[in-house]
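Q: Have a look at the structure that comes next, please.
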Amino acid sequence: MNDQTETIFAKILRKEIPSVAVYEDDDVYAFLDAHPVNPGHTLVIPKKPSKGFLDAEPEVLEKLIVAVQKITQAVKIGMKADGINLHQNEGAAAGQEVFHLHIHIIPRFENDGYEHWHGKSYTSEEEAEKTANEIRKNLV
Ligand code: 5GP
């Protein structure tokens with residue numbers, strides 16, 4: 001047994017904890033977030049667990065993202081949303097609380113008060129280029 005089997009979402013998948021289902025297939029389960037940013041805020045999880053995005057198998061991600069698109073369409077229409085935020089917190093420093101990969105589908109409405117992050121600026125083109133290089137050299 002690995003540690004992912006003991007997350008709250010593993011218990012939700014095993015129906016040990018109730019959830020309000022939105023969608024289910026062989027690979028994916030989607031349910032309402034218990035503390036929604038807006039009504040209809042939905043969490044989509046792969047049935048095969050990983051802690052997050054980075055340790056998920058590509059085959060799992062393929063099925064997940066296709067399901068996310070389908071569910072997002074339904075959330076947008078069903079909630080009559082003006083827009084949607086797709087969100088995934090990777091790691092505690094990024095705000096991840098449940099370590100079973102999940103994508104947030106957040107319906108958005110004009111002036112709903114949910115704020116975007118506040119961006120900073122690079123001090124120079126050199127700094128931006130150096131920053132991009134730190135990423136490029138780690139692509140595998
Ligand atoms: P994270 O911060 O890990 O990206 O998001 C975890 C999300 O799971 C939060 O938005 C939180 O409201 C939701 N959540 C935590 N526990 C439960 C639960 O027992 N049931 C449901 N439906 N959502 C939960």
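Q: Is it the case, given these coordinates, that Thr7 is in contact (Cβ under 8 Å) with a residue 24 or more places away in the chain and either within 12 Å of the chain's Cα centre (by Cα) or surrounded by fewer than 13 Cβ atoms within 10 Å (Cβ to Cβ) (or both)?
A: No: the conditions fail for Thr7.
Q: Oh, and also: Could you list, ordered by first residue, the pairs with Cβ atoms under 6 Å in which the first is in segment 14-43 and within 12 Å of Val75 (Cβ to Cβ) and in contact (Cβ under 8 Å) with a residue 40 or more places away in the chain and the second is more than 10 Å from the ligand (Cβ to nearest atom) and among the small types (Gly, Ala, Ser), at least 6 apart or interchain?
A: These pairs meet every condition: Val22/Ala30; Tyr23/Ala30; Thr42/Ala30.
Residues checked against (1) more than 9 Å from the ligand (Cβ to nearest atom); (2) closer than 19 Å to Asp112 by Cβ; (3) modelled with pLDDT under 95:
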position: Leu13; (1), (2), (3): yes, no, no
position: Asp27; (1), (2), (3): yes, no, no
position: Asp33; (1), (2), (3): no, yes, no
position: Val37; (1), (2), (3): no, yes, no
position: Leu61; (1), (2), (3): yes, no, no
position: Lys80; (1), (2), (3): yes, yes, no
position: Gly83; (1), (2), (3): yes, yes, no
position: Gly91; (1), (2), (3): yes, no, no
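Q: OK, next. Within segment 47-84, count every residue that is surrounded by 16 or more Cβ atoms within 10 Å (Cβ to Cβ), under 19 Å from Asn111 (Cα atoms) and among the charged types (D, E, K, R).
A: Number satisfying all stated conditions: 1.
Q: If we scan segment 63-78, do we find a residue that is more than 21 Å from Leu13 (Cα to Cα), within 16 Å of the ligand (Cβ to nearest atom) and within 14 Å of the chain's Cα centre (by Cα)?
A: The answer is no, given that none of the residues of segment 63-78 is more than 21 Å from Leu13 (Cα to Cα), within 16 Å of the ligand (Cβ to nearest atom) and within 14 Å of the chain's Cα centre (by Cα).
Q: For segment 24-39, which residues satisfy the criterion of being in contact with a Ser or Thr (Cβ under 7 Å, 6 or more places away or on another chain) and in a strand (DSSP E or B)?
A: Residues satisfying the conditions are Ala30, Phe31, Leu32.
Q: Name the residue, out of His118, His87, that is modelled with pLDDT under 95 and either within 22 Å of the chain's Cα centre (by Cα) or exposed (fewer than 10 other Cβ atoms within 10 Å of the Cβ) (or both).
A: Just a single option satisfies the conditions, and that option is His118.
Q: Taking segment 87-133 as the search range and keeping residues that are in contact (Cβ under 8 Å) with a residue 24 or more places away in the chain and of a type in the set (A, V, I, L, M, F, W, C), which one is farthest from Thr7 (Cα to Cα)?
A: Taking the candidates together, the pick is Phe109.
The values are calculated or read from the model by the stated rules, or taken from the named source; none is laboratory data. Bear in mind that the values here come from a model prediction, so they are computed numbers and not experimental data. Using ideal geometry, Cβ is built from the backbone for each residue, glycine included, and neighbour counts are taken over all protein chains shown.
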